[in-house]
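Worksheet for the structure shown next.
The values are calculated or read from the model by the stated rules, or taken from the named source; none is laboratory data. Everything numeric in this text was worked out from a predicted model, so none of it was measured. Every residue, glycine among them, receives a Cβ derived from its backbone with ideal geometry; neighbour counts consider all protein chains shown. Ligands, DNA and RNA are stripped out before the accessible areas are found, and what is left, the full protein with its side chains, is counted by its heavy atoms. Shrake-Rupley method; radii C 1.70, N 1.55, O 1.52, S 1.80 Å.
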Amino acid sequence: DHMDYYESIGKTEFDLVLHYVASDKLVLEKELVNEIYKRNKVLVMTVRWETWENRAWPQFDVIRGNLDNKMRAFAQQVKSVRHPIIIRMENEYNTDWTQSSGLNSMCDPEIYRDCWIRLYDIFLEVGVDNAIFMSNPQSVSDYPAQKWNSYINYLPSKYYMQIVGVTFYNMG
């Protein structure tokens, strides 16, 4: 299986297992989750504000409430696991290479924040108490390096997140 393979290559054991899910396919794969927790690891679900159909502007579907039912069902699935799950909201948002980057949302980080807050509020409404919300910018080097694109502009208030992770690339 994949976890055994990568751990054997690295001659280590990983504590976290990352899994990506597009906003229009918010489903928690029970078999994967059970396997992760059977091995005493923690699942990190990266919610990506993109669609498998590559439709433009899925963030606006979130803000308009068009995905509320999917997000509510996803929250119920997370709640049912009864293990901590880290919900990583679209990583590397302060870049030009992710669907929810500022360049893909009219140079407006508030669109990203509004999506985050909407999902978080739905988790509260459903009564999810095992989700840990994580912010994960691409380092403090914003791409493009514009004031509007500072990772700080994307962050909701600390009420809406519990941990922060940072991606650092070796850019030479």
Considering only residues that are more than 23 Å from VAL42 (Cβ to Cβ) and modelled with pLDDT of 95 or more, which ones fall in region 119-141? ASP121, GLU125
Within region 144-164, is there a residue that is open to solvent by less than 60 Å² (accessible area, probe 1.4 Å), touching a Cys at 6+ places or on another chain (Cβ under 9 Å) and closer than 23 Å to GLU50 by Cα? yes
Candidate set: region 107-133, residues that are open to solvent by 30 Å² or more (accessible area, probe 1.4 Å) and touching a Gly at 6+ places or on another chain (Cβ under 9 Å); chosen: the one nearest to MET89 (Cα to Cα): ARG118
Taking VAL140, is it in contact with a strand residue (DSSP E or B) (Cβ under 6 Å, 6 or more places away or on another chain) and open to solvent by 30 Å² or more (accessible area, probe 1.4 Å)? no
Listed by range, helices (runs of 4 or more DSSP H) wholly within region 1-106 having at least 1 residues that are at pLDDT 80 or above and crowded, with 17+ Cβ neighbours inside 10 Å are 30-38, 58-63, 68-81
Residue list for region 107-162, restricted to those being part of a loop (DSSP other than H, G, I, E, B) and charged (D, E, K, R): ASP108, ASP129, ASP142
With respect to TYR154, is the statement that it is touching a strand residue (DSSP E or B) at 6+ places or on another chain (Cβ under 9 Å), in contact (Cβ under 8 Å) with a residue 60 or more places away in the chain and of a type outside the set (Val, Ile, Thr) true? yes
